[in-house]
Amino acid sequence: MAIGIFGKNKGSSGAKTLDGVILPEHIGIIMDGNGRWAKKRGLPRKAGHRAGAKNFRTITKHCANIGIKYLTVYAFSTENWKRPESEVQALMELFKSYLEEAIRDFKDEDIVVRFIGDKTAFSPELQALIRENEECSKDRSGMVLNIAMNYGGRDEIVRAAKRIAQRAVDGEISLDDITEQAVSDNLYTAGQPDPDLIIRPSGEYRISNFLLWQSAYAEYVILDDVLWPDFSKEMLENCILEYARRNRRFGSV
Ligand code: IPE
Ligand code: IPE
Ligand code: MG
């Protein structure tokens, strides 16, 4: 299977740099392992989420600094509501304080902040912060950061199908207009390139409903024994180097 696995120490070789490397235009990150990170330290899961949120900031800025054009981070899935209410509550509080800071924090980095997922499930306060982040960053020209919150790939595809069906019902389009491009154009990521590289720390070999349509030809790098709060800038660069070594064929020879 074409999955790159990094061991514990491989992220610190420091032997290679990104000089001259063709970068992925769009990186997706499944920020997984916060709970286990906390458990290992005898801390509540909430502390893991706090550490994960801090690392999100570091890695996002680093992506922007090295010239990545699009970054999509998976912060909360449509299935994560199944978690104990206290954990969901803690995550919502964390999102709130983070989004308050993000308005200032990503300004210097020139980052365009967007949210993908069904926002209607969030509190009015959180929805207002989401809108404020999008609004105040929309005219920036740097990296586009998609924060996937209450995001599910299946939910996104159903939403796209409904939007397209509505146009057909209204007589605006015919069956022949329902193309792959039409589906892409009705996803949350409309107008953006598909992810080239998807990174998942914490050693889970699954997609967990992340960017299902968009990842058709993404390269996966799974990090076996690194949990998200410990995922470093150097590890990110090693994932990019691993990506650069891959031979992408897109079904061709
Ligand atoms: C990812 O870390 C954060 C969210 C899903 C919100 P987890 O909370 O899934 O951490 P593990 O997988 O239990 O270690
Ligand atoms: C995926 O991680 C979602 C996020 C990282 C936000 P999960 O921890 O929810 O995935 P599963 O349950 O292990 O598949
Ligand atoms: Mg998890």
Margin query: Step by step: first the residues of region 65-85, then only those that are in contact (Cβ under 8 Å) with a residue 12 or more places away in the chain and more than 13 Å from ligand 2 (Cβ to nearest atom), then the one that is nearest to residue 109 (Cα to Cα). Which residue is that?
Written below: 65
Check: For residues in region 237-253 being touching a residue at least 60 places away in the same chain (Cβ under 8 Å) and touching a strand residue (DSSP E or B) at 6+ places or on another chain (Cβ under 9 Å), which is farthest from residue 16 (Cα to Cα)?
Finding: 246
Notebook entry, point to check: Under the condition of being over 19 Å from residue 46 (Cα atoms) and more than 19 Å from the chain's Cα centre (by Cα), which residue from region 86-120 is nearest to ligand 2 (Cβ to nearest atom)?
Noted result: 120
Margin query: I'd like to know if region 4-13 contains one or more residues that are surrounded by 15 or more Cβ atoms within 10 Å (Cβ to Cβ), under 14 Å from residue 143 (Cα atoms) and either more than 16 Å from ligand 1 (Cβ to nearest atom) or at pLDDT below 95 (or both).
Written below: no
Margin query: So, in region 207-230, how many residues would count as being away from ligand 1 (no atom under 13 Å from the Cβ) and assigned to a loop (DSSP other than H, G, I, E, B)?
Written below: 10
Note to self: Kindly evaluate residue 204 against the criterion of being exposed (fewer than 15 other Cβ atoms within 10 Å of the Cβ) and either of a type in the set (D, E, K, R) or assigned to a loop (DSSP other than H, G, I, E, B) (or both).
What the structure shows: yes
Check: What number of residues within region 75-108 satisfy the criterion of being crowded, with 18+ Cβ neighbours inside 10 Å and more than 12 Å from ligand 1 (Cβ to nearest atom)?
Finding: 4
Note to self: So, in region 109-134, exactly how many residues are farther than 18 Å from residue 71 by Cα and either buried (at least 17 other Cβ atoms within 10 Å of the Cβ) or not hydrophobic (A, V, I, L, M, F, W, C) (or both)?
What the structure shows: 12
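The values are calculated or read from the model by the stated rules, or taken from the named source; none is laboratory data. Computed from a predicted structure; not experimentally measured. Virtual Cβ from ideal backbone geometry, glycine too; neighbours counted across all protein chains shown.
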